[in-house]
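A.B. asks: Quick one: this structure, given as structure tokens, is what I'll be asking you about.
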Amino acid sequence: MEILRTILTVIFVLVCIALTILVLMQEGKQQGLGSLGGNNSDTYWGRNKGRSAEGAMVKGTTILAVVFIVMSIVLNLNF
């Protein structure tokens with residue numbers, strides 16, 4: 001059982017590193033003075049956000065965050 005805990009801990013550390021890198025690679029959500037004109041969703045990049053590299057990073061961040069939370073709970077169980 002101890003070997004499984006060690007493997008899960010190594011995977012957990014790798015997920016933490018990947019999540020940190022992915023969050024730091026994303027652009028800021030602030031638009032500055034350009035956002036005074038209203039919502040930016042009717043531009044080409046606003047409509048196709050899910051198909052862009054930024055959209056893929058957002059999806060990856062969400063998935064890694066869920067894995068992080070689940071692994072945190074599993075590793076804190078006393079088995």
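The values are calculated or read from the model by the stated rules, or taken from the named source; none is laboratory data. In this text the structure is predicted, and so the values were computed from the model without any measurement. Neighbour counts run over all protein chains shown; Cβ positions are idealised from the backbone, glycine included. Heads up: the accessible areas ignore ligands, DNA and RNA and are worked out on the full protein's heavy atoms, side chains in. Shrake-Rupley method; radii C 1.70, N 1.55, O 1.52, S 1.80 Å.
A.B. asks: Quick one: how many Å² of residue 25 are accessible to a 1.4 Å probe, rounded to 10?
C.D. replies: Approximately 120 Å² for this residue.
A.B. asks: I want to check the label-to-label distance for residue 63 and residue 14. Put each point 7 Å from Cα in the C-beta direction and report it in nm to one decimal.
C.D. replies: Here the answer is 1.4 nm between the modelled labels.
A.B. asks: To the nearest 0.05, what FRET efficiency results for residue 54 and residue 5 with a Förster distance of 35 Å applied to their C-beta separation?
C.D. replies: After rounding, the FRET efficiency stands at 0.45.
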